[in-house]
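Chemist: So that we are looking at the same thing, I have put the structure below in structure tokens.
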Amino acid sequence: MNYERILEKRAKLIEIRKSKPENLFDNFDKAFEIDYTHNSTAIEGNTLSLIETKVLIENQISVGNKSLCEIYEVVNHIIRKIVLSILIFLRNMRSMRI
């Protein structure tokens, strides 16, 4: 897929999002983030359940009988996503300078 095609799809997605209620995609994004984090850390051997991962992400409450290593794997997964989002934002801001 070439870059122009990706930009076209991005523009189309932005238009679709504008025509929908703001919080519609927020719920999807949150659910996706929890599922993605759970599945990614489970592949690496993390034993937190989906519900435990959800509680940890949304409420910042750790669960009993789990190692700190497993808890930090989930937390670090979220932090990594935040840092990547910031880096992408900064790169886009830099490319917009004239």
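Chemist: Using Cβ counts within 10 Å as a stand-in for footprinting exposure, how do ARG5, ARG17 rank, fewest first?
Modeler: Neighbour counts put them in this order, fewest first: ARG5, ARG17.
Chemist: Given the -39500 (n - 2.57) contribution per DSSP H run of 4+ residues, what per-residue ellipticity at 222 nm results for the chain, rounded to the nearest 500 deg cm²/dmol?
Modeler: Values: 4 runs with 77 residues, N = 98.
So the helix-based figure for the chain works out to -27000 deg cm²/dmol.
Chemist: Here's something else I'd like to know. Before anything else, pin down the relative contact order of the chain: Cα pairs under 8 Å, at least 6 apart, normalised by residue count, whole percent. Spell out each step's value before the answer.
Modeler: Working: 35 pairs, mean separation 18.6, N = 98.
That works out to 19 percent.
Chemist: Given charges of +1 on the Cβ of Lys and Arg and -1 on the Cβ of Asp and Glu, with all other atoms neutral, how large is the dipole of the chain about its Cα centre, in debye to the nearest 20?
Modeler: Values: 15 positive and 13 negative charges, 129 e Å.
About 620 debye.
Chemist: Using the per-residue mean of other Cβ atoms lying within 10 Å as a proxy for protection, in what order, highest first, do the peptides 26-37, 56-67 fall?
Modeler: Values: 26-37: 13.5, 56-67: 11.9.
With the highest mean Cβ count within 10 Å placed first, the list reads 26-37, 56-67.
Only the coordinates and a few stated rules stand behind these numbers; no lab work does. Just so we're clear, the structure is a prediction, and the values are computed from it rather than from any experiment. Heads up, the Cβs are rebuilt from the backbone with ideal geometry, glycines too, and the neighbour counts pull from every protein chain shown.
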